[in-house]
Amino acid sequence: MTKRVACSEMDDPALVAAAKRGRMDAFEELVARHRDKVYARAYSMMRNEDEAIDLSQEAWVKGWQRLKQFQGEASFVTWITRIVINLCLDQLRKQKRVRAESIEQLDEELGGVERQMPIVNPNPTDKLERIELRQRIDRALGQLSYEHRTVLVLHEFEELEYKEIAKRMECSIGTVMSRLFYARRKMAALLAGLKREESR
Amino acid sequence: MNTEIILKLQAYLDEELTAEEARQVSAWLASDAEAQAVCRHLRDTKALLAGNELPVKVPETQEFYWSKIQREITRLEAASDHEPPPVLARWWMRLAVPLAGVAVLVLLLLMLVKPLSESGALAGSFHEIETQIEEANAISFHSQAAGMTVVWIDSGSN
């Protein structure tokens, strides 16, 4: 008689293989292991708890439905995170938060770069507790526009290349580069501002 | 410093340039103080963010969170079991019914024609002449090829 291996003892590829064979308990274990990561990505993009929960759960449902398509090119957690990113982008588009950026607008904005550089340096060597720094970054992220936040999250946290970000955000690589630059500049300014506020 | 150069510096730091472009930027950076300052600023900001995403946890228990996922999976699977066949299959079904009717008709016709060809002494395109009643001088003529039957009756009154 073959003994059914407990899901908690299995690694991710084994759980994925079992889930592909229809074992729901294996999929439940994958959810338990990676739900925080998937939720965190949804939250970082949506900045709304309820939406992040709904979209992360939807990502898991889609993950189950598309499991047979997962061939293991990337890790399972990377794959499921990509699903939630796409769902968040779709949702943001539906909410019409995406503003079409004309070339003229972009040029106008970029024209200000020279005047605005250099900007306040956030000084990463500050003796901040890590958790405090993370909280500041999170607050600053919350103050960015959807476009700037998304490009920053996808590049800095998901480590996607310009080309990949452009594809997902349905824009040009030039737009990604521009948005990324302004996102970084705003982040630096916001972090410096938060620091000044706290020191008063 | 113009926009194009600033974005190129950023791409250099993000390792998005080709090897040749990266070499050019690197050489230029070594001799340009302003570019070095911009580069330092971009690098500091990038370093500040790297690995510093605030860890966030699902504000629900695993059981509650999973129950909604499981319910949705079950609902969708049940729905797909009762789903109508796909468009192509439905189209084929619509075509198949009349085709089946035509096929039955053709089969019936063949069954009707076959016994005639089998019972006759003449196979293929044959003609049959049969006298039904000798006294009455009745003669029938059937042509399989022409698809007609002619019956000629001579009452013998002449």
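Structural remarks
- Test: residue in region B:44-53 that is at the interface with another protein chain (Cβ under 7 Å from one of its Cβ atoms) and under 30 Å from A:GLY22 (Cβ atoms): no
- Of all residues in region A:9-24, those that are part of a helix (DSSP H, G or I) and open to solvent by less than 50 Å² (accessible area, probe 1.4 Å) total 8.
- In region A:59-78, the count of residues that are under 14 Å from the mean Cα position of the chain (by Cα) and open to solvent by 20 Å² or more (accessible area, probe 1.4 Å) is one or more.
- The residue that is farthest from the chain's Cα centre (by Cα), among those in region B:23-53 that are basic (Lys, Arg) and open to solvent by 60 Å² or more (accessible area, probe 1.4 Å), is B:ARG40.
- Among the helices (runs of 4 or more DSSP H) confined to region A:78-196, the ones with at least 2 residues that are within 23 Å of B:ALA35 (Cα to Cα) and at pLDDT below 95 are located at A:103-111, A:113-116.
- Filtered residues of region B:28-43 (kept if among the small types (Gly, Ala, Ser) and more than 9 Å from every other protein chain (Cβ to nearest Cβ)): B:ALA30, B:SER31, B:ALA33, B:ALA35
- Condition check for A:ASP50: without any contact (Cβ under 8 Å) to a residue 60 or more places away in the chain, charged (D, E, K, R), within 24 Å of A:ARG134 (Cβ to Cβ) and loosely packed, with under 15 Cβ neighbours inside 10 Å: yes
- Annotation: of all residues in region A:148-169 being open to solvent by 30 Å² or more (accessible area, probe 1.4 Å) and touching a residue at least 24 places away in the same chain (Cβ under 8 Å), the one that is nearest to the other protein chains (Cβ to nearest Cβ) is A:PHE157.
- Selected residue (criterion: farthest from A:ARG185 (Cα to Cα)) from residues of region A:128-147 that are crowded, with 16+ Cβ neighbours inside 10 Å and of a type in the set (D, E, K, R): A:ARG134
- In region A:25-47, of all residues being among the hydrophobic types (A, V, I, L, M, F, W, C) and within 7 Å of chain B (Cβ to nearest Cβ), the one that is most open to solvent (accessible area, probe 1.4 Å) corresponds to A:ALA32.
- Within region B:1-111, helices (runs of 4 or more DSSP H) holding 1 or more residues that are modelled with pLDDT of 90 or more and more than 30 Å from A:ASP138 (Cα to Cα): B:19-30, B:33-49, B:62-81
- Failed condition for B:GLU20, given (1) more than 7 Å from every other protein chain (Cβ to nearest Cβ); (2) open to solvent by less than 80 Å² (accessible area, probe 1.4 Å): (2)
The values are calculated or read from the model by the stated rules, or taken from the named source; none is laboratory data. Only a predicted model underlies this, so the values are computations on that prediction, with no experimental measurement involved. Ideal geometry is used to build each Cβ from the backbone, glycine not excepted, and the neighbour counts take in all protein chains shown. In case anyone asks, the SASA skips ligands and DNA or RNA and just uses the protein heavy atoms, side chains included. Shrake-Rupley method; radii C 1.70, N 1.55, O 1.52, S 1.80 Å.
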